[in-house]
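Visitor: Handing you a structure now.
Each reported figure results from applying straightforward, stated rules to the coordinates on display, with no laboratory input. Remember, it's a predicted structure, so these values are computed and weren't measured experimentally. Here the Cβ is made from the backbone with ideal geometry for all residues, glycine too, and neighbour counts use every protein chain on show.
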Amino acid sequence: MSDVYASSKTFPAQGASGKESGTLSYLDAGGEQTVVEYSPGKRVTVHGIWLDLVNMTQDGTIKVYHKVDGSNYRLFKSVSFTVATDPDGQLVEINASIDSDLKVTYTEGADEGAARDLPYALIHETKE
């Protein structure tokens, strides 16, 4: 999974960039599944997330949530993905400064029929 900075780790210096990356095994269970949940621990700007949807055979929806109040996730961006017409490499631009959790999810539009690997890379920059 992703390398999320915990209080015991050394956080990148102010202005430094970072990346959380990995691969979600999107289970053939349907419904919304979390691709990555990012807990920054400090104020960062999340520039965007790359998703490699080459393995998906059905249309889907990418959603981005933020714990605006520090406790409850609130949806702030939703992007549709159409297998037949959209590029397999999807960049969801976020460009938001946060200091609490951010979550990116994927939901299949119809049954995929099998588990599918969904690689991702979330790009961020330390602000303090």
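Visitor: What is the gain in length, in nm to one decimal, between Ala115 and Ala84 on full extension, counting 0.36 nm per residue of separation less the C-alpha to C-alpha distance?
Guide: Here the segment from Ala115 to Ala84 would lengthen by 9.2 nm.
Visitor: Oh, and also: Quick one: what are the phi-derived ³J(HN,Hα) couplings along the range 112-127, Karplus 6.51/-1.76/1.60 with θ = phi - 60°, whole Hz, x for glycine and proline?
Guide: Using θ = phi - 60°, the values come out as 5, x, 6, 5, 10, 6, 10, x, 8, 8, 9, 9, 9, 9, 6, 10 Hz.
Visitor: Using 0.36 nm per residue of separation minus the Cα-Cα distance, give me the extension gain between Ala29 and Ser100 in nm, one decimal.
Guide: 22.7 nm
Visitor: So who's got an amide H within less than 5 Å of the one on Val36, skipping anything under 5 residues away but keeping other chains? H placed 1.01 Å off N, in plane.
Guide: For Val36, the qualifying residues are Val104.
Visitor: Oh, and also: Give the longest segment of the chain that steers clear of trypsin sites (Lys or Arg not before Pro) in DSSP loops with at most 15 neighbouring Cβ atoms within 10 Å, not counting the sites themselves.
Guide: It works out to 44-126.
Visitor: Between Asp69 and Lys42, what is the FRET efficiency for a Förster distance of 25 Å, r being their Cβ-Cβ separation, to the nearest 0.05?
Guide: After rounding, the FRET efficiency stands at 0.85.
Visitor: Continuing with this model, one more query. Taking amide H positions as placed 1.01 Å from N in the peptide plane, with prolines and chain starts having none, which residues 5 or more places from Gly48, or on another chain, fall under 5 Å of its amide H?
Guide: For Gly48, the qualifying residues are Ile94, Asn95, Ile123.
Visitor: Using Cα pairs under 8 angstrom and six or more residues apart, how large is the relative contact order of the chain, in percent?
Guide: Reported relative contact order: 45 percent.
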